[in-house]
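Here's the structure, in structure tokens; my notes come after.
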There are 4 protein chains.
Amino acid sequence: MEAFSDGVFAIAITLLVLDIMVPHDAGAHLARSVAGLWPSYLGYLVSFSTIGAIWLGHNAITDYLERADAVFMRLNLLLLLVVAFLPFPTRLFADFLGEDKPERVATNIYGISLLVASTLLLVLWRYAVRERLVRPDAADEEIQLLTQRLTPSLVGYLVLIVVGLFAPIVAAVGYLVVALFLILPIRVRDIIRFRRRRRAQR
Amino acid sequence: MEAFSDGVFAIAITLLVLDIMVPHDAGAHLARSVAGLWPSYLGYLVSFSTIGAIWLGHNAITDYLERADAVFMRLNLLLLLVVAFLPFPTRLFADFLGEDKPERVATNIYGISLLVASTLLLVLWRYAVRERLVRPDAADEEIQLLTQRLTPSLVGYLVLIVVGLFAPIVAAVGYLVVALFLILPIRVRDIIRFRRRRRAQR
Amino acid sequence: MEAFSDGVFAIAITLLVLDIMVPHDAGAHLARSVAGLWPSYLGYLVSFSTIGAIWLGHNAITDYLERADAVFMRLNLLLLLVVAFLPFPTRLFADFLGEDKPERVATNIYGISLLVASTLLLVLWRYAVRERLVRPDAADEEIQLLTQRLTPSLVGYLVLIVVGLFAPIVAAVGYLVVALFLILPIRVRDIIRFRRRRRAQR
Amino acid sequence: MEAFSDGVFAIAITLLVLDIMVPHDAGAHLARSVAGLWPSYLGYLVSFSTIGAIWLGHNAITDYLERADAVFMRLNLLLLLVVAFLPFPTRLFADFLGEDKPERVATNIYGISLLVASTLLLVLWRYAVRERLVRPDAADEEIQLLTQRLTPSLVGYLVLIVVGLFAPIVAAVGYLVVALFLILPIRVRDIIRFRRRRRAQR
């Protein structure tokens, strides 16, 4: 199951680049054309970071997992269905950012997709905890830490979807911040704390 | 062999999203254009579920497998040939659903492809059982259970191919039902039974 | 190295389907349009079989391998470079088969690509044998058997490239025959012999 | 983490072929059209070699690694973000090589991308060394050897980016030389030395 899941994550994350395209007639103004693709780069960055964050979370979950039951396998497949779908809203987002009205539609379809993917990751984890699929030696605090880490982004997405109705570009930047927040925090802080401690011990 | 097979399944399932496309001139009516892509979403859902179901079945087979002989390897390659081909009939199905006459052709090509893929999975399993490639400690009931689980969908596909000649959209929904039936049943029921038992023991 | 190689084989083999396309205006004559894509199906079949055969050979090589040195790693990367390139000549082949003059060019570019890929597989194997990278417990006969199995297809390709100058369609069918010959023989015969022996023992 | 990284490398390297395309109307002059695609082949060759070289380096790093901390995982993800992006500058490079002015822009965007990817690989390695994530039994010389192997290409890229402002085609060939330099040296020399020693012992 892990090899298959890792495969889907890796492919979905790598397919994102196929949607970044320069028009063949860009010719004389290539530098400007390439710069004008910033919505595509933003979409690539946000989706790569989000899929990367979900993969890191998924990785943490399977690390804690002792065994998988049939329902877990199906929930996992449902998560993969949404993750493998993400290149489509990303393309919408990149194509229509900057175009007044469709911009709102595209940004919110994008936000809702990210929300659904993150929710399913949390559902997968909570199911594993409730059904006692996690390793018995995992400390309760560790389990709570992971739950706490997966939860706040959902609130973030909900807020940003509302923001997206009025200021799509703000929501777009917000999605990047949420992804970076998912990728960076807690553990990095742990590392910093750990390194301080190590220095103190010298 | 498993890594390669898992790779092909994972890639075929993730490539499906490349066929969902919004016309670049959708502009002002983006919401309507995105909603109008429902045949693409249906195709994505059915093909993802079907490939997912075949992968779950393939996974169960390789779990029971003690060793693979040369014929098994070739049958497996033949199954992968058909699975890797599925994005093509899916695209046909998504492109022509809703267009009177071609709709029937597209839906039936799609159904026949699903039938062939599912048949090959069953052939792979029956070959493994007949040639005693399965682990000797696998109970006869377990082996029969998997055979029973892989068989009825074939009948379903045959019926739906005939239905597709008259009512393509009914057949389309039918293919989704078969896929969900393949993904969900038996084991979920086992789980529910198991959980009831566990509660009773408390 | 194996995971990476298996990944490249799996992706190259699965990308082949992306080149099978029905024109969006096929509409009323969909069945005829789909049937008219036979060069694409032939290309898919030949390339899938050939990449599958090379993968089976690669698999056999890595099975016999005890360790890999730096040159082996580079030769392997060179083989992957050619295998990952195969979807391009396949597309050429499928696009121009049936079109008088370009047909010959496309078929021969295709044949040369298959020849180069197969040659590199043999070079990889001979290097491994010469540098004693194979497991010491591998019998000399087994090693010769694999060498014999990888060699004759090269002669086949050379003949077919010449044939392709006069009768491209014959060469096209020939490439399929070579691929099936690579996938099927020897071992299947061994199996049949083995099963006869087993029956005789009863 | 390794399976996911290997997957991204394998997919990025295999997607490169999708950008090599012959115009459908090439017809009568197919041989000339195929020959006219040389910038695409050069791009394929350089990017395949570069991604291959980065993968070999990444492979060497994970071989020396005893454990990965959270920062290492994020740095790795950042490297993958750039590697998975490489097909885009490759396409730019292939599309505009030979077209006077845009050629310079495209070649330099390409060179900068290669520089960033190679720099991140070196950063990943230096981080692993500094944080003592490498296996304690790895000799200091080995560690220094890998550092030395990853460093000079950065200087090469910097020089070539400047060259690219005046002579893009020279820079293009230079990128190929750097990739081959990354793939071939040191270890091959080690092997040759090792084989000489082995012969001397006989």
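The values are calculated or read from the model by the stated rules, or taken from the named source; none is laboratory data. Being a predicted model, the structure only gives us computed values, none of them experimental. With ideal geometry, Cβ positions are generated from the backbone for all residues, glycine too; neighbour counts draw on all protein chains shown.
Within segment D:9-19, track down each residue that is at the interface with chain C (Cβ under 9 Å from one of its Cβ atoms) and crowded, with 21+ Cβ neighbours inside 10 Å.
D:Phe9, D:Ala10, D:Ile11, D:Ile13, D:Thr14, D:Leu15, D:Leu16, D:Val17
Which members of segment C:131-141 meet the condition of being touching a residue at least 24 places away in the same chain (Cβ under 8 Å) and within 14 Å of another protein chain (Cβ to nearest Cβ)?
C:Glu131, C:Leu133
Of all residues in segment C:20-31, which are out of contact with any Asp or Glu (no Cβ under 8 Å at 6 or more places or on another chain) and either assigned to a helix (DSSP H, G or I) or among the acidic types (Asp, Glu) (or both)?
C:Asp25, C:Ala26, C:Ala28, C:His29, C:Leu30, C:Ala31
Just to check your reading of the model, which residue among D:Leu56, D:Leu133, D:Leu121 is buried (at least 17 other Cβ atoms within 10 Å of the Cβ) and over 25 Å from D:Gly174 (Cβ atoms)?
Exactly one residue qualifies, and that residue is D:Leu133.
With the structure loaded, tell me whether A:Val34 is more than 11 Å from chain B (Cβ to nearest Cβ), of a type in the set (A, V, I, L, M), farther than 28 Å from A:Thr151 by Cβ and not in a helix (DSSP H, G or I) or whether it fails that test.
no
Condition first: within 15 Å of the chain's Cα centre (by Cα) and without any contact (Cβ under 8 Å) to a residue 24 or more places away in the chain. Now tell me which residues in segment C:68-87 satisfy that. Working first, answer last.
Let us first name the residues in segment C:68-87 that are within 15 Å of the chain's Cα centre (by Cα), namely C:79-87.
If the condition is that a residue be within 15 Å of the chain's Cα centre (by Cα) and without any contact (Cβ under 8 Å) to a residue 24 or more places away in the chain, then C:Leu81 is the only one that fits.
How many residues does segment A:151-202 contain that are more than 14 Å from chain D (Cβ to nearest Cβ) and at pLDDT 80 or above?
26
When you check D:Asp6 against the structure, is it over 18 Å from D:Leu180 (Cα atoms), free of Cβ contacts under 8 Å to residues at least 60 places away in the same chain and under 20 Å from the mean Cα position of the chain (by Cα), yes or no?
yes
Can you confirm whether D:Asp25 is of a type in the set (D, E, K, R) and facing chain C (nearest Cβ under 9 Å)?
No; evaluated as a whole, the condition is false for this residue.
Give the residue that is farthest from C:Leu180 (Cα to Cα), with candidates limited to residues of segment B:77-130 that are small (Gly, Ala, Ser), assigned to a helix (DSSP H, G or I) and more than 8 Å from chain C (Cβ to nearest Cβ).
So the residue we want is B:Ala94.
So which pairs qualify, if the first residue must be in segment D:54-67 and in contact (Cβ under 8 Å) with a residue 24 or more places away in the chain and in a loop (DSSP other than H, G, I, E, B), the second must be of a type outside the set (Gly, Ala, Ser) and surrounded by fewer than 16 Cβ atoms within 10 Å (Cβ to Cβ), the Cβ gap must be under 6 Å, and the two must be at least 6 apart or on different chains?
D:Glu66/D:Arg135
For D:Trp38, which of the numbered conditions (1) over 18 Å from A:Ala10 (Cβ atoms); (2) under 20 Å from the mean Cα position of the chain (by Cα); (3) surrounded by fewer than 21 Cβ atoms within 10 Å (Cβ to Cβ); (4) in contact (Cβ under 8 Å) with a residue 40 or more places away in the chain fails to hold?
Going through (1) over 18 Å from A:Ala10 (Cβ atoms); (2) under 20 Å from the mean Cα position of the chain (by Cα); (3) surrounded by fewer than 21 Cβ atoms within 10 Å (Cβ to Cβ); (4) in contact (Cβ under 8 Å) with a residue 40 or more places away in the chain one by one, D:Trp38 breaks only (4).
Out of all the residues in segment A:83-114, which are surrounded by fewer than 18 Cβ atoms within 10 Å (Cβ to Cβ) and under 23 Å from B:Asp19 (Cα atoms)?
Within segment A:83-114, A:Ile112 is the sole residue that qualifies.
Would you call C:Thr50 surrounded by fewer than 19 Cβ atoms within 10 Å (Cβ to Cβ), within 14 Å of chain B (Cβ to nearest Cβ), at pLDDT 85 or above and within 19 Å of the chain's Cα centre (by Cα)?
So C:Thr50 does not fit the description; no.
Taking segment A:59-72 as the region of interest, how many residues are more than 7 Å from every other protein chain (Cβ to nearest Cβ), out of contact with any Asp or Glu (no Cβ under 7 Å at 6 or more places or on another chain) and either surrounded by fewer than 19 Cβ atoms within 10 Å (Cβ to Cβ) or more than 26 Å from D:Leu75 (Cβ to Cβ) (or both)?
In the first step, residues of segment A:59-72 are kept if they are more than 7 Å from every other protein chain (Cβ to nearest Cβ); the result is A:59-68, A:72.
Retained after the next criterion (residues that are out of contact with any Asp or Glu (no Cβ under 7 Å at 6 or more places or on another chain)): A:59-61, A:63-68, A:72.
Filter again for either surrounded by fewer than 19 Cβ atoms within 10 Å (Cβ to Cβ) or more than 26 Å from D:Leu75 (Cβ to Cβ) (or both), leaving A:59-60, A:63-68, A:72.
Adding up the residues that qualify gives 9.
Any chance you could count how many residues in segment B:37-47 are within 10 Å of another protein chain (Cβ to nearest Cβ), within 28 Å of B:Thr147 (Cα to Cα) and of a type outside the set (A, V, I, L, M, F, W, C)? Walk me through it before giving the result.
Narrowing segment B:37-47 to residues within 10 Å of another protein chain (Cβ to nearest Cβ): B:37, B:40-41, B:44-45.
The next check asks that each one be within 28 Å of B:Thr147 (Cα to Cα); those that pass are B:44-45.
From the residues that got through so far, the ones that are of a type outside the set (A, V, I, L, M, F, W, C) too are B:44.
Final tally of qualifying residues: 1.
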